[in-house]
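Accompanying notes for the structure given below.
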Amino acid sequence: MARPGQRRSGGAGTDLGAQRRRTPRRAEQGIIPVLTEVAREVDSAVQRPPTRPAVRTKFQVVALLVREERARVMADGRPTGSGRAKQLKQLDGVAMLLARTAARDTSLLKLLAEDARVSDAARAFKVTVMRAGGLEPPEEPAPAAPAAPVPGAESQVVPRSVVSRQLANPFLAPDYEAAAERIATRARRLAGWELLEPLFSSFERAATGAPACMPLPEARSVSVPPGRELMPHQAQVVAATAGGHRTFLLADEPGLGKTAQALLAARAADAYPLLVVVPNVVKTNWANEVRLWTPSRRSTVVHGDGDQVDGFADIVIVNYELLDRHVGWLGDLGFRGMVVDEAHFIKNKTSQRSQHVLALSERIRARTARPLLMALTGTPLINDIEDFRAIWQFLGWIDDAVPLGALATALEKTGLTPADPGFYTAARASVIHMGIVRRRKVDVVADIPARRVADLPVELDGAAGHSIRAAEAALARRLVARYRSALQVRRVGGVVDGIDHDLARRVAAAELKESSSQTGGENVFTMVRRIGQAKAGLAADYAAQLARNVGKVVFFAKHVDVMDQAEQTFTDRGIRYASIRGDQTPKVREKNIAAFVNDPDVSIAVCSLTAAGVGLNLQVASNLVLAELSWTHAEQTQAIDRIHRIGQTEPVTAWRIIAAQTIDTKIAKLIDSKSGLAARALDGAHDKDISPSTTVQLEALLGLLTDALTTDGVG
């Protein structure tokens, strides 16, 4: 085998190789030009934040290869002194380019640490780059046989608080009922028959035209926290759980409250501790929903290596991308229930995240008799009926080869085989009775309001999130300093007990006035814009999920760069969109509107909040994403009214993306507080607490100041 850096010899196909070498190939130029090209691609991509995982992988691989190539050049005695100096100078140029890139996104520096983890994707890309540069990758040692078939069972990280929990309760009580249920019900009459393919095809051959939904009990009264209200269709699932049902493919359309149903079902089944696996964009929202629906239960969200994980929490929330780091301790914690949100993410059984989810489900079912298992997705089928396979396996209905347990028993009781004409109808009914629940908006239209705004809090991670929170803290300190300075100057009124709210308002007003005329520096306006830029990728990610679930979606943003980021995300995902902006000619604008309204393949309309917030009729969609917050409730309402119009046959949901733990949350609450102002003014209602002269900007700054003063112990 050729050593690294050595060209491979011809062998068979030498003549063809000679023909190809008539024009120089990139591999013949050596590895350094290839590294330079990839480094430039990375630098260009980092200038359009957020930095995607694939870009981070490329950055790390180029850095590793620069380091290795430098060591090889230094050790290789063949190049002349001038030749070696030239190569080292070229490598220094690549290193300088990487340094400039890392300065744009400092989180990339972690990938250069000696103990930085090199993923399988990075190893594969490294091989590709080496071969493109004419190097033969070293032969990888054969992997050792795994100690257990569970993928990722080795524990890469174990949070400290999880260790504390394990020490506090080192032995999980054995569940003999679970062990008994592990003995699968084997088909007797159906032995020898291939059953899985007929089960899948029964959903095509025996389809009735109505949504597939198990018989559900009548909605019963369910205890919910004050201010919460459970809709009848939601209460039915909770009632079924209370009645003993434990596996659900909850396939309600988005906007019908699957999260609340899952949390209240877990409470009804006492399925704690509960594991919740979700897409990254919604994991903060799940923690928020726990506080709203089951406030007596404590949740913890897994970030990074889990340094902040509460190992004693009742509900553990983790996103798919982190499972490879945490699957070990998650499998040992003793969960009595598991919820998988957007369960169509696991449809590809060969993917690592699917294998981790299935392995965790298997561990839970092995240890707990009748655990609560819920797969939540508005679109359980993406490409074909086979997409059911991984979800059914997660729920324990099937394994790789045969139906299991209750499903196998139900198929036996039909008295039919796949050769009988009635088998497919009976088989489909048997699977549905296992726990498929599907309701559409039009089916429960009486339950839900005609229009609602649903907040989706997201966590701003990485350098952008840290920078925004630091800027907000700096703004708060500036406001506090102004307040204290003004308080020292103004001694006329004597000592003020607590916060002088009149003075605080004056300080906030002065800051707002300066911010409005300020051309540079950090202020409330630039901060909100940066928050919008940081949210852009997450908002677009959620819009893409919605589009795959429900079809047409309208995406609103205030700034062009946020629209650009969103459109790039949709392009990367292969999702067709129509762009509606203020700088378009009337002809182009009408063409794009017509494409969204009439072309079934155009899933998303990307709209400017200011340019497209009025005068459009986009009622072909019933879901809308507000990627950036408006400064007025009226502007937000105008955007929602683009789809909530005469002729709209479905309830409308506006999904408002809010950056958690930032001024974004204050602005959202202030917008909501103004929601009744116009109606009260027009309807003649009187409310002495409403002050039409106040602005959201002023109130946001005032809230920032008073919160900081309260934290300092002034109030």
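On the given criteria, is residue 516 touching a helix residue (DSSP H, G or I) at 6+ places or on another chain (Cβ under 7 Å), outside the structural domain of residue 45 (by TED's automatic domain parsing) and of a type outside the set (Val, Ile, Thr)? Here the answer is no, as residue 516 does not meet what is asked. If you go through segment 350-375 and keep only what is in a loop (DSSP other than H, G, I, E, B) and either over 21 Å from the mean Cα position of the chain (by Cα) or surrounded by 20 or more Cβ atoms within 10 Å (Cβ to Cβ) (or both), you end up with 368, 369, 370, 371. Only one of these is under 21 Å from the mean Cα position of the chain (by Cα), assigned by TED's automatic domain parsing to the domain that holds residue 247, at pLDDT 95 or above and not β-branched (Val, Ile, Thr): 292, 264, 330, 274. Name it. None of the others qualify; the one that does is 274.
Could you tell me whether any residue of segment 580-602 is free of Cβ contacts under 8 Å to residues at least 60 places away in the same chain, of a type outside the set (Val, Ile, Thr), surrounded by 18 or more Cβ atoms within 10 Å (Cβ to Cβ) and not in a helix (DSSP H, G or I)? No; the residues of segment 580-602 include none that is free of Cβ contacts under 8 Å to residues at least 60 places away in the same chain, of a type outside the set (Val, Ile, Thr), surrounded by 18 or more Cβ atoms within 10 Å (Cβ to Cβ) and not in a helix (DSSP H, G or I).
Here is a list: 290, 276. Which entry is assigned to a helix (DSSP H, G or I) and among the β-branched types (Val, Ile, Thr)?
290
Evaluation of residue 483 against the conditions (1) over 24 Å from residue 645 (Cα atoms); (2) surrounded by fewer than 19 Cβ atoms within 10 Å (Cβ to Cβ) shows that the sole unmet condition is (2).
So that you can scan it fast, the table gives a plain yes or no per residue for (1) touching a Lys or Arg at 6+ places or on another chain (Cβ under 7 Å); (2) surrounded by fewer than 16 Cβ atoms within 10 Å (Cβ to Cβ); (3) of a type in the set (A, V, I, L, M, F, W, C); (4) modelled with pLDDT of 85 or more:
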position	(1), (2), (3), (4)
491	no, yes, no, no
502	no, yes, no, yes
514	no, yes, no, no
518	no, yes, no, no
524	no, no, yes, no
533	no, no, no, yes
540	no, no, yes, yes
544	yes, no, yes, yes
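For segment 46-68, a tally of residues being closer than 18 Å to residue 537 by Cβ, assigned to a helix (DSSP H, G or I) and over 20 Å from the mean Cα position of the chain (by Cα) returns 3.
For the structure I just gave you, tell me whether residue 380 is at pLDDT below 90, closer than 25 Å to residue 286 by Cα and buried (at least 17 other Cβ atoms within 10 Å of the Cβ). It is true that residue 380 is at pLDDT below 90, closer than 25 Å to residue 286 by Cα and buried (at least 17 other Cβ atoms within 10 Å of the Cβ).
The values are calculated or read from the model by the stated rules, or taken from the named source; none is laboratory data. Everything numeric in this text was worked out from a predicted model, so none of it was measured. All Cβ positions, glycine included, derive from the backbone under ideal geometry; neighbour counts span all protein chains shown.
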